[in-house]
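The values are calculated or read from the model by the stated rules, or taken from the named source; none is laboratory data. Predicted model, so just to flag it, every value in this text is computed and none were measured. For neighbour counting, all protein chains shown are included, and Cβ atoms are generated from backbone atoms with ideal geometry for every residue, glycine included. SASA here: full protein model, heavy atoms, side chains in, ligands and nucleic acids out. Shrake-Rupley method; radii C 1.70, N 1.55, O 1.52, S 1.80 Å.
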Amino acid sequence: AAPDKPAGVVAITFTDLRRRGKIGKMVLVDAVGERMPAVRDTMAAKIGAAYKDMDLSMTTLPADDVKFDPQSFREAIKLMTKGDVVTIFTPDDTHFEITMACIEAGLHVLAAKPVVKKLEEHLKLAEAAKKAGVLCVVEYHKRFDPIYTDAKDRVRHLGPFSFFNSTMTQPKAQLDTFRGWAGKSSDISYYLNSHHMDIHAWSVGRTSRPERVVAMAARGAAEARLQPTDGRVIEDTITLMVHWRNDDGSVGTALYTASWIAPKADCHTQQYFHYMGQKGELRCDQAHRGYTMSTDEAGFAQLNPLYMKYTPGPSGHFSGQQGYGYRSIEEFVAAAEEVNSGAATAADISARGVLATIDTTARVTAMLEAGRVSLDNGGAAVRILYPAGSGANDCGAEPTGIELEK
């Protein structure tokens, strides 16, 4: 578990969902079998011993003596049945292959953000999910934060979009957690900027669209800490500057900043945004909820049980079912059950606009990829392309590609 997640999120949520009768058997798969004994021991200590009635029985793959098998997920798929649910929390550059294999097997998928790094792959997954009639959802859990949800509902009353500014920073220790893939499989913009990009795009809906991206980055601290020997570049902080066009012809601008070289502070992630419409504005500081604690052992800290509540309830059971980290996964499982039972189609779930379905989230992938291309080309501007024939102010369509500005 990461420093801000004492008992993790995915494993504890699914274990509790099984306790509540929402799911059945569980399969846990990694590329490195030699890690599995430590994984099981950690789950036993942080989940099994910490909460009452948490059944941790599951199949783990590959075998404990396997050093590395990047295709082990295919063995896990063989153990599953059409309509089962899959969550994918692996390095970003592995998402496409695993997600596509699951979709083709008729499985419902919840993938960590970013679902993929390239718009082309995103559109392929959207088409495959549509053909298979299954859910493919990006795990943007901030959609279930009650403050962010309320902000989204207020945005539509603030007039056309004008300005958005978001910041997310995490301490340098996070670099140690992601040492294996930082600057190789992904970057800090993909990892953190994606959160607020989704909140922004989700909030404005089809009244505005991103069209032009320029990226800038700071370097030095991350590379000094990790000292990579393979020549990879690891940016400290990445800012994407994005030009948006509204359906009334007016324009807006956005700044998305992400960093992983912050010092240790009162909370693991400093995060906030400012939204300005032409008729009003919103400001949200997600890091400071007015709830703090100090102890002799750990010192001062900001608490956020709205995300994950790890303190057991009076009965000794896990009692964090209302946390938005938990709800993001439970809502996906419930939606998959609706599709499986015939109560709704994947298209119906998408139309509700609650879950971040693959067919409605290409704008975020387009901005993220455009940012990476901009950085790799010295900060050059990158255009986001839309379907031929769509009008200059047509904000309803999803992007079809990106290109360097000439």
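Restricting 386, 310 to those that are modelled with pLDDT of 95 or more and within 23 Å of the chain's Cα centre (by Cα) reduces the list to 310. All conditions in (1) in contact with a helix residue (DSSP H, G or I) (Cβ under 9 Å, 6 or more places away or on another chain); (2) open to solvent by 50 Å² or more (accessible area, probe 1.4 Å) hold for residue 330, with the sole exception of (2). Selection of the stretch 255-281 for residues being among the aliphatic types (A, V, I, L, M), under 23 Å from residue 209 (Cβ atoms) and open to solvent by less than 50 Å² (accessible area, probe 1.4 Å) yields only 258. Residues in the stretch 282-293 that are surrounded by 10 or more Cβ atoms within 10 Å (Cβ to Cβ) and of a type in the set (Gly, Ala, Ser): 287 only.
Taken over the stretch 3-30, the criterion of being without any contact (Cβ under 8 Å) to a residue 60 or more places away in the chain and more than 12 Å from residue 55 (Cα to Cα) is satisfied by 8, 27, 28, 29, 30. Residue 353 fulfils the conditions (1) without any contact (Cβ under 8 Å) to a residue 60 or more places away in the chain; (2) closer than 22 Å to residue 153 by Cα; (3) open to solvent by 20 Å² or more (accessible area, probe 1.4 Å) except for a single criterion, (1).
Determine if the stretch 297-318 includes at least one residue that is under 30 Å from residue 201 (Cβ atoms), touching a strand residue (DSSP E or B) at 6+ places or on another chain (Cβ under 9 Å) and open to solvent by less than 60 Å² (accessible area, probe 1.4 Å). For the stretch 297-318, residues under 30 Å from residue 201 (Cβ atoms), touching a strand residue (DSSP E or B) at 6+ places or on another chain (Cβ under 9 Å) and open to solvent by less than 60 Å² (accessible area, probe 1.4 Å): present. Of all the residues in the stretch 85-121, those that are over 24 Å from residue 180 (Cβ atoms) and in contact (Cβ under 8 Å) with a residue 40 or more places away in the chain number 4.
Taking the criterion of being part of a helix (DSSP H, G or I) and open to solvent by 10 Å² or more (accessible area, probe 1.4 Å), the residues of the stretch 359-379 that qualify are 359, 360, 369, 372, 373, 375, 376. Looking across the stretch 122-147 at every residue that is assigned to a helix (DSSP H, G or I) and among the hydrophobic types (A, V, I, L, M, F, W, C), the one that is surrounded by the fewest Cβ atoms within 10 Å (Cβ to Cβ) is identified as 147.
Kindly provide the set of residues from the stretch 212-228 that are of a type outside the set (Lys, Arg) and closer than 27 Å to residue 241 by Cα, ordered by number.
Matches in the stretch 212-228: 213, 214, 215, 216, 217, 218, 220, 221, 222, 223, 224.
Beta carbons closer than 8 Å, at least 6 apart along the sequence or on distinct chains, pair a first residue in the stretch 174-196 that is within 26 Å of residue 149 (Cβ to Cβ) and polar (S, T, N, Q) with a second that is part of a helix (DSSP H, G or I) and open to solvent by less than 40 Å² (accessible area, probe 1.4 Å) for 189/368; 189/371; 193/368; 193/371; 194/364; 194/368. The residue that is farthest from residue 267 (Cα to Cα), among those in the stretch 148-169 that are assigned to a helix (DSSP H, G or I) and not charged (D, E, K, R), is 155. Just to verify a result, which residue in the stretch 203-240, among those that are under 22 Å from the mean Cα position of the chain (by Cα) and basic (Lys, Arg), is nearest to residue 191 (Cα to Cα)? Among those residues, the one meeting the criterion is 209.
Conditions tested, residue by residue: (1) closer than 20 Å to residue 141 by Cα; (2) modelled with pLDDT under 95; (3) β-branched (Val, Ile, Thr); (4) surrounded by fewer than 20 Cβ atoms within 10 Å (Cβ to Cβ).
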{"residue": "174", "(1), (2), (3), (4)": "yes, yes, no, no"}
{"residue": "184", "(1), (2), (3), (4)": "no, yes, no, yes"}
{"residue": "192", "(1), (2), (3), (4)": "yes, no, no, no"}
{"residue": "196", "(1), (2), (3), (4)": "yes, no, no, no"}
{"residue": "234", "(1), (2), (3), (4)": "no, no, yes, no"}
{"residue": "253", "(1), (2), (3), (4)": "no, no, yes, yes"}
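Residue 273 falls short of the stated requirement of being of a type in the set (Phe, Trp, Tyr), free of Cβ contacts under 8 Å to residues at least 40 places away in the same chain, in a strand (DSSP E or B) and closer than 26 Å to residue 169 by Cα.
Look at (1) assigned to a loop (DSSP other than H, G, I, E, B); (2) open to solvent by 20 Å² or more (accessible area, probe 1.4 Å); (3) hydrophobic (A, V, I, L, M, F, W, C) and you find that residue 44 fails only one, number (1).
Whether any residue in the stretch 81-91 is of a type in the set (Asp, Glu) and modelled with pLDDT under 95 is what I want to check. Scanning the stretch 81-91, I find no residue that is of a type in the set (Asp, Glu) and modelled with pLDDT under 95, so the answer is no.
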